[in-house]
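The next block holds one structure in the form of structure tokens; read it before the comments.
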Amino acid sequence: MGHDARRAHGRSRRQLRGHVSGPRFQVTATFAERAGQITLTFRMRFETAAERAKVKTCAVEANEQNFDRLATELARLAGP
């Protein structure tokens, strides 16, 4: 797993995370409340289209696994 650097974005509900070893990219996760629910917008920005193409297939699957783990943890926190 690569190293990352994290930056909080003030008091906003946005988190920026940079993957600083290859491939290099930045993730922005934005949380927003809409109609009493929280939505998550997740974006990955790569330095080049070629870097994105290298990891596209595995990144989609890995992110789905991460979102599944997040859903499990949120359900656990919400309780029965």
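Couple of notes before you dig in:
- Charge sum, other residues only, whose C-beta stays under 12 Å from Leu70's C-beta, Lys/Arg counted +1 and Asp/Glu -1: -1
- Relative contact order of region 4-78, taken over Cα pairs closer than 8 Å and 6 or more residues apart, is 17 percent.
- The slack between Val55 and Ala75, meaning 0.36 nm per residue of separation minus the straight C-alpha distance, is 4.2 nm.
- Stokes-Einstein D (µm²/s) once Rh is taken as the Kirkwood radius of region 4-78 over alpha-carbon pairs, at 25 °C in 0.890 mPa s: 177
- For Thr48, neighbours were defined as the other residues whose beta-carbon sits under 13 Å from its Cβ, and their charges (Lys and Arg +1, Asp and Glu -1) total +3.
Read the figures in this text as sums done on the coordinates, not as results from a lab. Since we're looking at a predicted model, the values are computed, not measured. Counting neighbours? That spans all protein chains shown, and the Cβs are built from the backbone with ideal geometry, glycine included.
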